[in-house]
Amino acid sequence: MRGSWDYRLGFRLDVSRPDSVDFHAEVIPHDLELDPEKSRLNLLGLEQPFVAEIHLPHGRTATRDLSSANPHHRALEAIDSILVHAVLTNEDGGFYRHSGFNPDAVRGAIADNIRAGAYRRGAGTITMQLARNLYLGHERTLSRKAQEVVLAWILEHLTYVSKRRLLEIYLNVIEWGPGVHGADEAARYYFGRDASRLTVAQALFLATVLPAPTKWRYRFDPEGALRPFERAQMHFIGRAMAKKGWLGESDLPPADSLRVEILGPAREMLLPERPAGADTSAS
């Protein structure tokens, strides 16, 4: 980068009163800009189609072409809006309000973790996840987390990439299962249908998979039905969406009525002894 900046950080905590935590952070840039000739990262070409090298846990990588040459690439408006809002609700409800780093989420996470006496909740944003997936990898260290914060700020302030485009890239590269990246690959892997036309239950299910995409099968019982904790989580997301006006209350079934049927290639992993049924409908 060229230019300079000031950084202000304030933190106050009374451990006997977790909700009293006070945290704020602010970057004050002074003619700060990216130097394209010296940066080794693709930070200034994100508005255009590009091939993403996706960094995954355990040192794995994958590549995806984010252009029309990839039949699974989807513009944001071509992804079912219920799925988009379910992911926002579950992963980063303040995405359109923060600037890459969410101090409100940090305050809430600190308070929750102190009350629990253990690390229970993080404060990552979608922009931080994108920085991790495109540039950094998933090493769990404080220095790597600091890099995430810095790159998230750069993505939102110095690349001139819109929030919608950042979200679009995220929804096309994020891991949704074994070798499954992006909303359309996920919709076809689990349900055999395009990401533009999902049911409410299917969208809510896909949103719950993101935090632990390699463990999706544990959300089903041996008969292939959603476990009670999974239906409860899906319903919790749905209620939060309804409060935001992203889902009609009448469109959200009761928790015990939420059903999905796995009909895509994932069915062989879930029910290896059972052929896919002829009925391709899903609740």
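Annotations
- Condition met for GLU47 (touching a residue at least 40 places away in the same chain (Cβ under 8 Å) and among the acidic types (Asp, Glu)): yes
- Residue list for the stretch 123-142, filter: farther than 11 Å from LEU167 by Cα and in contact (Cβ under 8 Å) with a residue 40 or more places away in the chain: ARG132, ASN133, LEU134, TYR135, LEU136, GLY137, HIS138
- Single residue of LEU76, LEU83 found to be closer than 16 Å to ASN172 by Cβ, buried (at least 20 other Cβ atoms within 10 Å of the Cβ), touching a residue at least 40 places away in the same chain (Cβ under 8 Å) and not basic (Lys, Arg): LEU83
- Residue check, ASP65 within 22 Å of GLU175 (Cβ to Cβ), part of a strand (DSSP E or B) and touching a strand residue (DSSP E or B) at 6+ places or on another chain (Cβ under 6 Å): yes
- Hits in the stretch 97-120 - residues which are touching a helix residue (DSSP H, G or I) at 6+ places or on another chain (Cβ under 6 Å) and either in contact (Cβ under 8 Å) with a residue 40 or more places away in the chain or surrounded by 16 or more Cβ atoms within 10 Å (Cβ to Cβ) (or both): SER99, GLY100, PHE101, ALA111, ILE114, ARG115
- For the criterion of being of a type in the set (Asp, Glu) and surrounded by 12 or more Cβ atoms within 10 Å (Cβ to Cβ), ASP65 passes.
- Extreme residue, surrounded by the fewest Cβ atoms within 10 Å (Cβ to Cβ), among residues of the stretch 147-182 that are of a type in the set (Gly, Ala, Ser) and in contact with a Ser or Thr (Cβ under 9 Å, 6 or more places away or on another chain): GLY177
No value in this document is a laboratory result; all are computed from the given coordinates. Since we're looking at a predicted model, the values are computed, not measured. Virtual Cβ from ideal backbone geometry, glycine too; neighbours counted across all protein chains shown.
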